[in-house]
Amino acid sequence: MGTHKSKRIGILTAGGDCPGLNAAIRGVGKTAIVDYGMEVIGFRAGYAGLIEKDYVELSESHLSGILTLGGTILGTSRVKPFKFVNEGDDEKPELIKQNYHDLNLDALVCIGGNGTMKTADRLAAEGINVIGIPKTIDNDVWGTDVTFGFDSALQIATEAIDRLHTTANSHQRVMIIEVMGHHAGWIALYAGLAGGGDIVLIPEVDYNIRSVCKKIEERYEGNKPYSIVVVAEGINHPKKISAAAHIGEAISSYTGIETRETVLGYVQRGGSPTPMDRILATRYGAFAAQCIAEGNFGTMVAIRNNYLETVPLADVGGKLSLVEPDNPLILKARKMGVSFGDEYEELG
């Protein structure tokens, strides 16, 4: 009677960092070790660690005390192994496959956003057993209702808007706050509503700057001498300046009302994850370990209507989860007088 060989798995975090990565690593690792008796290693600096065979053995003790930590104990990078494959440079994918087999791995868990999932799908096509876990503060990974990291960024952005209300009121100014979101306006939409923003500009809704200014003038004439404008970084604007600066200059020029801009930037990606993100990342991680035990590979773990499920990685890559212009939150906000910069299309 032969002895049963325990599975050996690898974990990596790739792309931009965000709160909850360590909670996800812990969720995968602890479940794999405690419940399934697996061996776990962690690759440093995302796919770079997989290419360079730079890894660390992860015992249960390594995974203790990291639940509340921001960032990632494994480090991350934006290395893309398949970037130049079409130009004949297939060395990195071959190194990955070789290292995967040399390390006797049975599966690889890739934690990241859209680019990470796209690469994970390519690795799955190369014959590697891959499970993806979706993270990003932008909440734009297709196939899941929410990514971990989003709730933490939302809390940071909302708190910043709360603080701007008091100084805007004191000085009777227009305060513009720019949040992250290159293609998706989830942070701007949610933080704008949670923080009582008067105007919310997102990439998915085309705005008219004269419409934005008219809204501010109407508020001013209605004895509301200050306004909060929440903008996503990815709205249409000249690339030489920030979105907030562009909107601020235009408002000041058209209305003569004093404006100030605040760009939150990387503050949104730092610090300890919120309880909701800790729970979501833990659920994702534990479910990923379960998927490995069940042999459910080539998939990304997802949550839909608060139920965990998997979606094929092939369906995820190259797609984005964007805010639909008729999103119920937008419709409700409009009914309360929130402007999305498109109310007066006839203005030029």
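The values are calculated or read from the model by the stated rules, or taken from the named source; none is laboratory data. Computed from a predicted structure; not experimentally measured. Glycine gets a Cβ as well: all are built from the backbone with ideal geometry, and neighbour counts include every protein chain shown. All accessible areas refer to the heavy atoms of the entire protein, side chains included, with ligands and DNA or RNA removed. Shrake-Rupley method; radii C 1.70, N 1.55, O 1.52, S 1.80 Å.
In square nanometres, what is the average projected area of the Cα convex hull of region 75-208?
If I average the Cα hull's projected area over directions, I get 11.3 nm².
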Quiz item: At a 1.4 Å probe radius, carbon and sulfur cover how many percent of the accessible area of region 208-254?
Solution: 42 percent
Self-check item: Gain in span if fully extended, Ala194 to Asp102, counting 0.36 nm per residue against the direct Cα distance
Solution: 28.1 nm
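Going by average Cβ neighbours within 10 Å, how do the peptides 159-166, 44-51 rank, with the highest at the top?
Numbers: 159-166: 16.2, 44-51: 23.2.
The packing order, highest mean first, is 44-51, 159-166.
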Quiz item: Can you list the HN-Hα couplings for region 157-173, worked out from phi with the Karplus curve (6.51, -1.76, 1.60; θ = phi - 60°), rounded to whole Hz and with x for Gly and Pro?
Solution: 5, 5, 4, 5, 5, 3, 5, 6, 4, 5, 6, 5, 5, 4, 9, 6, 10
Self-check item: Karplus-derived HN-Hα couplings along region 12-23 (A = 6.51, B = -1.76, C = 1.60, θ = phi - 60°), whole Hz, x at Gly and Pro
Solution: 9, 10, 10, x, x, 7, 6, x, x, 4, 5, 5
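Residues of region 34-103: accessible area per residue at 1.4 Å, in Å²?
On the way: 3830 Å² over 70 residues.
Accessible area per residue: 55 Å².
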Practice problem: Any chance you could list P(r) for region 16-120, counting all Cα-Cα pairs in 5 angstrom bins from zero, rounded to whole %? | Solution: 2, 12, 22, 24, 20, 12, 5, 2, 1
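Over the Cα atoms of the chain, Rg to Rh with Kirkwood Rh, two decimal places? Please list the in-between numbers first.
Working: Rg = 22.6 Å, Rh = 21.4 Å.
Here the Rg-to-Rh quotient is 1.06.
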Self-check item: Sequence ranges 193-202, 110-119, ranked by mean other-Cβ count within 10 angstrom, highest first
Solution: 110-119, 193-202
Self-check item: Bridge type composition, the chain - antiparallel percent by DSSP, nearest 5
Solution: 25 percent
Practice problem: Quickly work out the His165-to-Met276 label distance, labels modelled 7 Å from Cα along the C-beta direction, and quote it in nm with one decimal. | Solution: 1.7 nm
Self-check item: Accessible area per residue in Å² at 1.4 Å probe, computed on region 112-211
Solution: 32 Å²
Quiz item: Can you work out the FRET efficiency for the pair Lys224 and Asp326, with r the C-beta to C-beta distance and R0 = 35 Å, to the nearest 0.05?
Solution: 0.80
Self-check item: Relative contact order, percent, the chain [alpha-carbon distance under 8 Å, six or more residues apart]
Solution: 23 percent
Quiz prompt | Inter-centroid distance (Cα atoms) of region 238-254 relative to region 1-68, Å | solution = 45 Å
Quiz item: Just how much of Met175 is accessible, in Å², when a 1.4 Å probe is used and the result is rounded to the nearest 10?
Solution: 10 Å²
Self-check item: Förster-model FRET efficiency, 25 Å R0, Ser61 and Lys5, C-beta, rounded to 0.05
Solution: 0.60
Quiz item: In whole Å, how far is the Cα centre of region 277-299 from that of region 128-197?
Solution: 25 Å
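What's the ranking of 31-39, 320-328 by average number of surrounding C-beta atoms within 10 Å, highest first? Walk me through the intermediate numbers first.
On the way: 31-39: 17.6, 320-328: 14.6.
Going from most to least packed, we get 31-39, 320-328.
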